[in-house]
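Presented below is the structure to which this report refers.
Every number in this text was worked out from the coordinates using simple rules, so none of it is lab data. The model shown is predicted, which means the values in this text are computed figures rather than measured ones. No Cβ is skipped: glycine too gets one built from the backbone with ideal geometry, and neighbour counts run over all protein chains shown.
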C-alpha cells in the first residue's frame, strides 16, 4: 500500500505528514459539510430530482449497477473519504496485505448504499420497485442533510486524530 512505501509510521507512531494530511482532509470535509448544509432545501421547498436520476428509471439491473459503481467511484466526495480512510489505515503500521484488506472492507461498507438496492432488485424483482422508489424519494429529499452530517462526523474525527497525533 502507498502508505507503507511512504513511511506512514515512524517507530510505531504516525508520521507527521500523515497527521497534516488528516488535518487537511478533515478541514475539507468540514467545509463540504457547511456547503451541504447551506444547500439543503428550506422547510416547505420541494426537492427536484436531478435529470440523471430520472433517466435511470428505465435501466436494467446491470446498467443500474454499472451506473451506481461509476457514480460512486468517480465522485470527488467519495474519493476524498477513501483517501482519508487509506491515510488512517496506513498510519496503523500494518503489513501491506492487512492494509489492503482493511481498505477493501472500507470500500465494501461504503458501497452498501449502491449494493443494497441492487441486491434488493435482484432478489425481490418487481416487488422491490415501491420500496426502492420510496427510499429514493426520501434520500433525494434529505440528501444535503445526510451528506452534511456524514461529512461533519468524519471531518471532526479526522481533525481530532490529526490534532492528537501532532500534539503527541
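Things to note:
- Label sites at residue 58 and residue 73, each approximated as a point 7 angstrom past Cα along Cα to Cβ, lie 2.6 nm apart.
- Remark on region 110-168: ratio of C-alpha radius of gyration to 2.2 N^0.38 Å is 1.68.
- Each of [x] 10.5; [y] 9.3; [z] 11.4 is a candidate for mean projected area of the Cα convex hull in nm²; the one calculated from this structure is [z].
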